[in-house]
Structure formats: C-alpha cells, structure tokens
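A quick write-up on the structure given underneath.
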Amino acid sequence: MIGAWFSLDKTVPTGRFQMRYNYSATLREDVSSAVNAAFKSAGIVNIAFVAEQVRLRNLAENVALEDIEHLVLQAAQLLGAAIEFDMLPDGHDDRHGNDGRSPFEPPYSTSIQ
C-alpha cells in the first residue's frame, strides 16, 4: 500500500528512525492565511518568500525554514495556485540587471502553473 505510512499525527519514516512533526495550530493557520493572501494579491505563491515571512512571525516555534516551505507548498497545492520557487535576497534590486544570476540561469523566476 502506497499511502499506508501516512497518518494524521504527521509521523514520517526516515530509514530506521521516525520524525514527528507537531506543528501548532497558530503556525498552520498562519501558513494558510499567508498562502491565501499571496494567492489573492498576486495570483501566484512564492514558496520561499511566504515561508520566510511565516518563519519570522513564528520565531518562538523554532521550526526550520525548510519545514515551513513544505507546509506552504502543501497549502498552495491545495488551492491550485501557481507556484514560484525562488526569492531574491533582502534588499536586492534586480531592475538594473545586477541580479547575481549566472549567465546560464534564466532572467525570470521559475514557476509552475
């Protein structure tokens, strides 16, 4: 059975050990509202940007950015929103072509619709 390991208590098998994720209701609600707001305002959800905003508002929870990104991705997928995966660093201005990308990277953000 493919989905047999999935359960509501968020227990995820990882080799011989299991990791348990017990996210607070506050964090889950913040993720949901942030994803909804991003989707309504821009029509696209920038996973890294929204996750960082949620992480900064919930520093006391001590949840890794990668874990919050996973929650944001799940919430965006449930909405059927277009998804963007990259984010420019804080204060970085790419309007003048100095965006720090290598010549082999596209000059636009990557998104899935």
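Every condition in (1) open to solvent by less than 40 Å² (accessible area, probe 1.4 Å); (2) on the phi > 0 side of the Ramachandran plot; (3) at pLDDT below 55 holds for G91 except the one numbered (1). Can you confirm whether the range 62-75 contains a residue that is without any contact (Cβ under 8 Å) to a residue 40 or more places away in the chain, farther than 17 Å from D86 by Cα, surrounded by 15 or more Cβ atoms within 10 Å (Cβ to Cβ) and over 13 Å from the mean Cα position of the chain (by Cα)? No, the range 62-75 contains no residue that is without any contact (Cβ under 8 Å) to a residue 40 or more places away in the chain, farther than 17 Å from D86 by Cα, surrounded by 15 or more Cβ atoms within 10 Å (Cβ to Cβ) and over 13 Å from the mean Cα position of the chain (by Cα).
Name the single residue, out of those in the range 38-47 being closer than 15 Å to L78 by Cβ and assigned to a helix (DSSP H, G or I), that is most open to solvent (accessible area, probe 1.4 Å). Filtering the range 38-47 for residues that are closer than 15 Å to L78 by Cβ and assigned to a helix (DSSP H, G or I), the one most open to solvent (accessible area, probe 1.4 Å) comes out as K40. Among the residues of the range 25-37, those identified as open to solvent by 30 Å² or more (accessible area, probe 1.4 Å) and among the small types (G, A, S) are A25, S32, S33, A37.
The values are calculated or read from the model by the stated rules, or taken from the named source; none is laboratory data. Note that the structure is a prediction, hence the values are computed from the model and not measured. Positions of Cβ are backbone-derived with ideal geometry, glycine not excepted, and every protein chain shown enters the neighbour counts. The accessibility values were calculated without ligands, DNA or RNA, using every heavy atom of the protein model including side chains. Shrake-Rupley method; radii C 1.70, N 1.55, O 1.52, S 1.80 Å.
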